[in-house]
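Working notes for the structure below.
The values are calculated or read from the model by the stated rules, or taken from the named source; none is laboratory data. If you're wondering where the values come from, they're calculated on a predicted model, not measured in any experiment. Every residue, glycine as well, gets a Cβ built from its backbone with ideal geometry; the counts of neighbours run over all protein chains shown.
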Amino acid sequence: MDNPQDWTTVRTALEAALKDGNAEPPVTIRTKDAVWRHARAVEDALDGEYDWTQPAVRLAEAEMAAFVRRLTAAPADAPVTVTSGGTESLFLALHAAREWAKIARPEARAPTLLMPTSGHAAATKAARYLGLAERRVPLGSDGRADAAAMEHAIDANVVAILGSVPSDSRGLCDDMSALGRLAERANAWLHADACIGGFLVPFLKAQGAALPAWNFDVPAVRSISLDAHKYGYAPTGVSTLILRNPDDLAHQRFDFEDWDGPPKSQAAFAGTRSAAPLAGAWAAMRLIGWDGYARRAAHVHAMARRLAERLRATNRARVWSEVETGGVHFGVDGLA
């Protein structure tokens, strides 16, 4: 399938399947249900199974990878792994960090993940599965990671640092540049968890929002997780993990030959898996497009700010954090 004409045939077939979904025109797509009507048709074109030997799967994955590289300012050769969700993406990132540390940080007797208290619970889940110790540091007064406090928490065992873009609980973006300086001094793997904001923050920053640096423009960032099934509007069950360096993929992959079956080499956790999530993500990205995501990001941010204003106007609700992305952190007086 290296013949350009063959790839044109594959793309034509997928585009035809996309049109067979019979949803509204791309500009009016507002829900995952609308995208899913297209995705079902594309899934049929992918033959249902996530088989990388199939040209259609390879094409859809390659185009999705190119899109998320652009979102994250990743190098052209940055490895992209399509996963089942943010939890798997975090798991694979921390697995890569652990395996890297075995070589780069052999002095770490109890390899430890350092993160703010706002780090997603899935990071703790992954750390427990992987046998990593974890150390959570209280947030600063602004509701973000407190780089100074985290610096005091670093010791010879810290091999990985995590920041959120934004945090699930507060909707605020950690300063990845500040965390990057810590990672460089500690020789630690820095992961940016952009599972929520990966399809929002790039567009909001381009529209002038005063958000901190977060992606591969920060030299110390080695990996980024980014969910397509949140503000990418793909059907639930598809995320991505992007590594800066192709060499780091060896730390992420599972490679095994010492059995009487065929060699196994897998970048994701699952073995056999459905092509439906990939179909959904590819369909969403093709239908919505870069400009469509920019419009939706602006709309989400505007609606979040409007909600915050209305909550403040009730005189019973307290909005505890500024509205940076699409989340509103608030409480209501009198509710336990």
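So SER265 clears everything in (1) of a type in the set (Ser, Thr, Tyr); (2) surrounded by fewer than 19 Cβ atoms within 10 Å (Cβ to Cβ); (3) in contact (Cβ under 8 Å) with a residue 40 or more places away in the chain except one condition, right? Which one?
(3) is the only condition that SER265 fails.
Just need a number here: residues in region 261-286 that are in contact with a helix residue (DSSP H, G or I) (Cβ under 8 Å, 6 or more places away or on another chain), under 12 Å from TYR50 (Cα atoms) and in a helix (DSSP H, G or I).
3
Tell me which residues, restricted to region 109-135, are surrounded by 20 or more Cβ atoms within 10 Å (Cβ to Cβ), under 17 Å from ALA96 (Cβ atoms) and free of Cβ contacts under 8 Å to residues at least 60 places away in the same chain.
Of everything in region 109-135, those that are surrounded by 20 or more Cβ atoms within 10 Å (Cβ to Cβ), under 17 Å from ALA96 (Cβ atoms) and free of Cβ contacts under 8 Å to residues at least 60 places away in the same chain turn out to be PRO111, THR112, LEU113, MET115, ALA122, ALA126, ALA127, LEU132.
Within region 106-130, how many residues turn out to be over 20 Å from the mean Cα position of the chain (by Cα) and part of a loop (DSSP other than H, G, I, E, B)?
Total satisfying the criteria: 6.
Restricting attention to region 156-183, and to residues there that are free of Cβ contacts under 8 Å to residues at least 40 places away in the same chain and of a type in the set (Gly, Ala, Ser), which single residue is surrounded by the fewest Cβ atoms within 10 Å (Cβ to Cβ)?
Top of the filtered list is ALA178.
Yes or no, residue by residue, for (1) crowded, with 18+ Cβ neighbours inside 10 Å; (2) assigned to a loop (DSSP other than H, G, I, E, B):
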site: TYR293; (1), (2): yes, no
site: ALA297; (1), (2): yes, no
site: VAL300; (1), (2): yes, no
site: ARG306; (1), (2): no, no
site: ARG312; (1), (2): no, no
site: ARG318; (1), (2): no, no
site: VAL323; (1), (2): yes, yes
site: GLY327; (1), (2): yes, yes
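Out of the residues in region 202-221 meeting the condition of being in contact with a helix residue (DSSP H, G or I) (Cβ under 8 Å, 6 or more places away or on another chain) and in a helix (DSSP H, G or I), tell me which one is surrounded by the most Cβ atoms within 10 Å (Cβ to Cβ).
PRO202
What are the residues in region 184-201 that are surrounded by fewer than 24 Cβ atoms within 10 Å (Cβ to Cβ) and not hydrophobic (A, V, I, L, M, F, W, C), if any?
GLU184, ARG185, ASN187
Condition first: among the β-branched types (Val, Ile, Thr) and crowded, with 22+ Cβ neighbours inside 10 Å. Now tell me which residues in region 222-236 satisfy that.
ILE224, the sole residue that qualifies.
In this structure, does HIS251 turn out to be in the same structural domain as ALA101 (by TED's automatic domain parsing) and at pLDDT below 95?
So HIS251 fails the test.
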